[in-house]
Amino acid sequence: MDKEIAINIQNVKKKYRLGQIGGGTLQGDLQSWWARKRGKEDPNSVVGSNQNIYGQTLMALNGIDLTVYKGEALGIIGKNGAGKSTLLKLLSRVTAPTEGSIDIYGRVTSMLEVGTGFHGEMTGRENVYMNGAILGMTKAEIDEKMDQIIEFSEVGEFIDTPVKRYSSGMYVKLAFSVAAHLDSEIMIMDEVLAVGDMAFQQKCLDKMFDSSRLEGKTILYVSHNMNTIRRLCSRCVVLSKGQVIFDGDVEKAISIYMSNNSNETVFMDYSNYKRPKWLKNDAVRISTANYVDKDSCIFYQNEPINIRILWKNNTDIKQLGVRYEIRTKEGTPLATSINSDVCSCKKDTENELVLKYDLSLLAPGRYFSLFTFFQVDSMGEYLDCDCVRGMDIIIENTEQKTEWYSNRWGNIIIPSASVEIIK
């Protein structure tokens with residue numbers, strides 16, 4: 001039996017014009033147009049601005065063809081700027097495509113960003129009624145769902161408070177609860193769940209899973225968290241530069257996405273590296289890091305990893321430590337090695353060390369690393385001085401063993417047990 005189509009997208013393009021759209025008045029726009037016509041400087045432009053940007057366009061989406069079937073949970077992944085949010089805005093009717101057609105069969109609820117669809121002066125309860133009315137539901141139908149919405153949202157104590165007083169987490173909780181419980185056939189979710197607490201994120205994922213598998217709702221879910229994509233989605237699309245570069249199996253889609261975002265260099269220069277916002281200490285600044293005597297990031301199991309790091313001290317440090325973290329390609333912390341007392345360093349000195357690590361327990365796959373230098377004070381407290389992303393690590397297996405399924409069995413291989421047979 002043929003599947004029923006929920007969304008049909010054909011050759012959809014979305015074009016945006018860069019630069020200023022208008023001068024604010026008809027007179028100003030006419031002045032600017034006439035100056036450009038004569039090849040003169042725009043009298044309404046900011047002094048020193050680049051006027052050549054006028055007329056340039058950005059193709060946020062460049063020929064999207066996509067069919068989504070009823071009851072399907074579709075993941076949409078890609079780098080920032082790939083066109084994911086633009087696509088969801090088109091499907092939510094926030095904006096219209098420049099070219100192409102979009103056919104949607106069913107009512108749509110969407111969460112594109114925190115607070116979308118809510119009126120700040122209205123209470124949470126009033127916003128629920130408003131969203132239901134937009135979907136074409138009667139007051140009696142909304143009343144029937146109200147208790148479920150309030151209970152799921154966990155904001156019952158504040159449901160009669162204007163939502164302008166809600167925190168971003170409370171906004172998300174109520175907005176998701178409304179989207180999940182009102183009568184709609186299609187749910188569109190951008191990565192807004194990242195605002196909520198971990199327990200509520202888990203609750204939302206469970207609800208979306210049940211909505212798709214049990215209630216037959218169609219789910220479109222955008223996220224940079226590959227673990228949630230794996231758990232929720234039965235199919236995945238990878239976007240790049242406004243085009244679909246893959247449509248199909250979730251694991252293969254994630255592999256393509258991660259390979260496009262990988263860093264396979266064996267040398268890192270941190271001269272212009274942007275440090276994380278939480279790092280307040282600049283006692284140490286790592287200059288470079290590289291693999292010793294390697295021309296690729298590929299290592300075989302049982303092959304040691306030797307890393308050379310150069311850094312500069314901006315103050316005297318008596319006890320300098322190094323933390324080396326290994327994470328899965330999705331960013332999940334996996335393993336850590338800590339050397340608490342590597343050396344002492346004088347102010348304004350260039351320093352160098354070589355670290356040798358045994359990563360033989362890692363299963364074949366792709367990983368990335370983090371280097372953190374820290375100092376240990378007189379009370380034994382750790383104080384992070386610098387933190388940078390290191391080189392990628394690709395582990396390959398040279399022996400003919402059983403293929404390792406990291407998603408099912410994990411990324412660490414425990415050595416085989418010693419067996420004692422007792423008769």
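Tabulated values for the structure
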{"quantity": "Residue check for I326: under 14 Å from A289 (Cα atoms), of a type in the set (A, V, I, L, M) and buried (at least 17 other Cβ atoms within 10 Å of the Cβ)", "calculated": "no"}
{"quantity": "Out of E215, E191, sole residue that is outside any helix (DSSP H, G or I), of a type in the set (D, E), closer than 30 Å to F371 by Cα and not assigned by TED's automatic domain parsing to the domain that holds D392", "calculated": "E191"}
{"quantity": "Residues located in the range 157-183, provided they are surrounded by fewer than 14 Cβ atoms within 10 Å (Cβ to Cβ), touching a helix residue (DSSP H, G or I) at 6+ places or on another chain (Cβ under 9 Å) and either assigned to a helix (DSSP H, G or I) or not assigned by TED's automatic domain parsing to the domain that holds K217 (or both)", "calculated": "R165, S168"}
{"quantity": "Out of K139, K203, sole residue that is assigned by TED's automatic domain parsing to the domain that holds M226, closer than 30 Å to R235 by Cα and of a type in the set (K, R)", "calculated": "K203"}
{"quantity": "Whichever residue in the range 79-110 is of a type in the set (D, E, K, R) and free of Cβ contacts under 8 Å to residues at least 40 places away in the same chain and, among such residues, is farthest from M59 (Cα to Cα)", "calculated": "R93"}
{"quantity": "The range 336-353 residues that are more than 30 Å from N411 (Cα to Cα), paired with ones that are part of a strand (DSSP E or B) and small (G, A, S) (beta carbon under 8 Å, 6 or more apart)", "calculated": "E350/S287"}
{"quantity": "2 or more residues modelled with pLDDT of 90 or more and not β-branched (V, I, T): qualifying strands (runs of 3 or more DSSP E) within the range 294-398", "calculated": "305-313, 317-328, 333-345, 350-357, 365-376, 382-396"}
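The values are calculated or read from the model by the stated rules, or taken from the named source; none is laboratory data. In this text the structure is predicted, and so the values were computed from the model without any measurement. Here the Cβ is made from the backbone with ideal geometry for all residues, glycine too, and neighbour counts use every protein chain on show.
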